[in-house]
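Below is one structure, written out as structure tokens, with a few remarks after it.
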Amino acid sequence: MSGCDVLVVGGSGRVGASTLRWLDRLAGRSSKGTPPLKLAVGGRSEARFEAIRDRLGLPQLGFRFVDLDHGSEALVSAVRGAQLVVHTAGPFQGRDQPDLLRACIAEGVAYCDVCDELGLTRNAKALSAEAIAAGVPAVVSCGIWPGVSALMAAVAVERLGGPETCDRVELSFFTAGTGGAGPTIVSATFLLLASEVVTVVDGVLMHQQPWTERRVVDFGGGIGERECFLLDNPDVFTMAEALGIATCMSRFGTAPGVWNRLFGVIKALPKDLLHQRDAMQGLALFSMPIIRAVDVLVGATNAMRIDAYRKAVGLRLGDKVTLRCVHSDLEDCVGQATAAFALELLRGRFGIHLGEPTIAPGVWYPVELQAVARHNILTVAKENALVWQI
Ligand SMILES: NC(=O)c1ccc[n+]([C@@H]2O[C@H](COP(=O)([O-])OP(=O)(O)OC[C@H]3O[C@@H](n4cnc5c(N)ncnc54)[C@H](OP(=O)(O)O)[C@@H]3O)[C@@H](O)[C@H]2O)c1
């Protein structure tokens, strides 16, 4: 087993490989004479690891065998000796046990993931007391969205004067085509179309039908107005729980418009079928040639918009804060954002000289991070952004 500082489980995949590329780039910049971070891929296939190592041009990249379905003992020994585990091995839909986080807590290893499945995120949060006892800092549902989106929402709420003065937050996302995504993100989207959407309305947690409540959202420069629909996003629940925002929801749209129609058709398929991970992966693989062809035409842009509304006082309607950001490539910016969260977890720890730690032991949602950590992560996410109105 190779020694490593950061183990990226799912590192042979698209999000994982992009995270490794950014970790190498960012850690190299901030190393200030310390030895370079030792990075490793955790996965089930050495052949796929070798292909990614060569593609990334990182000959020092290590490999550890990790299969999430091989039981807890195997996971504990897989993470042993690492400083940080980054979990990108999706799809997360269909899983409800945070086994990898449990293994990290057992071994005293810091942890983050890109989980976009609310049930799993909440079960991970329930391990916070154990993480505190073990001195382990962990952040769940990192990445660009969920992740940076929640940090943007926290900034917007703060700018309004804090949670006491804000009573509604709306999150909107647009990705051109699939954002150049692979079959896993496509199948994760199919699985989400089978999941009820958690929204919070006037303080009440609601379960709504996905791909409803169409709204046209202006994403600004270069993107313009796009139609968006309700789709589940852990940011909604974490915002409501952590900040007590009374009304919160999240919408997503893609292009071309025919994809939005197609998602509406897929949503109408029998739920039993939509909940089958293998069937959805199969459907995603089957659809890839046409998805790829469309992606070539529409690009891979990722756009996010956050609207936070001030509570109305008397007859005076509340004003609002709107934040926007756009990156040219979804896969690249997910890795960039995930690496930013990962490096923040390493800051001031494990002999890595990046100042003082900014994330205390415990399991945190991104929206709960302190202002300094939030600022540091957003500063990384800003790099290469086409639009950054934050
Ligand atoms: N938060 C965000 O901003 C954000 C944005 C986009 C996507 N995501 C999430 O990122 C996830 C990954 O997407 P992707 O496009 O990178 O997928 P991908 O290319 O298919 O990669 C998935 C990786 O997971 C590994 N894996 C799958 N099952 C495993 C298991 N049982 N044990 C160990 N490894 C396993 C695979 O490794 P093997 O080589 O072993 O098969 C593969 O390397 C998606 O689920 C998506 O929901 C999050």
Subject >> Residue list for segment 128-151, filter: assigned to a helix (DSSP H, G or I) and more than 13 Å from the chain's Cα centre (by Cα) >> reply: SER128, ALA129, GLU130, ALA131, ILE132, ALA133, ALA134
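Has segment 242-250 got any residue that is part of a helix (DSSP H, G or I), out of contact with any helix residue (DSSP H, G or I) (no Cβ under 9 Å at 6 or more places or on another chain) and modelled with pLDDT of 75 or more? Spell out the reasoning first.
Here is the first cut: in segment 242-250, the ones part of a helix (DSSP H, G or I) are 242-243.
Of the ones still in play, those that are also out of contact with any helix residue (DSSP H, G or I) (no Cβ under 9 Å at 6 or more places or on another chain) are none.
No, segment 242-250 has no match at all.
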**OP:** With the condition kept exactly as written, say whether any residue in segment 184-191 is over 18 Å from the mean Cα position of the chain (by Cα), within 16 Å of the ligand (Cβ to nearest atom) and on the phi < 0 side of the Ramachandran plot.
**Re:** no
Subject >> In segment 117-136, residue farthest from the ligand (Cβ to nearest atom) [restricted to those that are open to solvent by 10 Å² or more (accessible area, probe 1.4 Å) and within 26 Å of ASP332 (Cβ to Cβ)] >> reply: LEU118
Subject >> Pairs where the first residue, in segment 56-74, is at positive phi and the second is modelled with pLDDT under 95, C-beta under 9 Å, 6+ apart >> reply: none
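Tell me, which strands (runs of 3 or more DSSP E) lie completely within segment 317-390 with 2 or more residues that are surrounded by 20 or more Cβ atoms within 10 Å (Cβ to Cβ) and not assigned by TED's automatic domain parsing to the domain that holds ARG102?
So the answer is 320-327.
Only one residue in VAL8, VAL66, VAL15 is more than 8 Å from the ligand (Cβ to nearest atom) and under 24 Å from the mean Cα position of the chain (by Cα), so which one is that?
VAL8
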Subject >> GLN93, sole failed condition from (1) within 15 Å of the ligand (Cβ to nearest atom); (2) free of Cβ contacts under 8 Å to residues at least 40 places away in the same chain >> reply: (2)
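Which ranges mark the helices (runs of 4 or more DSSP H) fully within segment 58-126 that have 1 or more residues being more than 30 Å from MET239 (Cβ to Cβ)?
Because the criterion is at least 1 residues that are more than 30 Å from MET239 (Cβ to Cβ), the helices (runs of 4 or more DSSP H) in segment 58-126 that meet it are 72-79, 99-107.
So which of VAL114, VAL139 is open to solvent by 10 Å² or more (accessible area, probe 1.4 Å), modelled with pLDDT of 95 or more, within 13 Å of the ligand (Cβ to nearest atom) and assigned by TED's automatic domain parsing to the domain that holds LEU84? So that I can check it myself, show each step before the final result.
Numbers: VAL139 fails: open to solvent by 10 Å² or more (accessible area, probe 1.4 Å).
Going through VAL114, VAL139 in turn, the sole match is VAL114.
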Original post:
Consider LEU61 against the criteria (1) more than 22 Å from CYS333 (Cα to Cα); (2) within 14 Å of the ligand (Cβ to nearest atom): it satisfies all of them except one. Which criterion is unmet?
Top reply: (1)
Original post:
Which residues, taken from segment 202-240, are among the hydrophobic types (A, V, I, L, M, F, W, C), under 24 Å from GLN389 (Cβ atoms) and assigned to a loop (DSSP other than H, G, I, E, B)?
Top reply: PHE219, ILE223, LEU231
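The values are calculated or read from the model by the stated rules, or taken from the named source; none is laboratory data. Source: prediction; values computed, not measured. Cβ coordinates were reconstructed from backbone atoms using ideal geometry, including for glycine residues, and neighbour counts include every protein chain displayed. Ligands, DNA and RNA are excluded from the accessible area calculation, which covers all protein heavy atoms including side chains. Shrake-Rupley method; radii C 1.70, N 1.55, O 1.52, S 1.80 Å.
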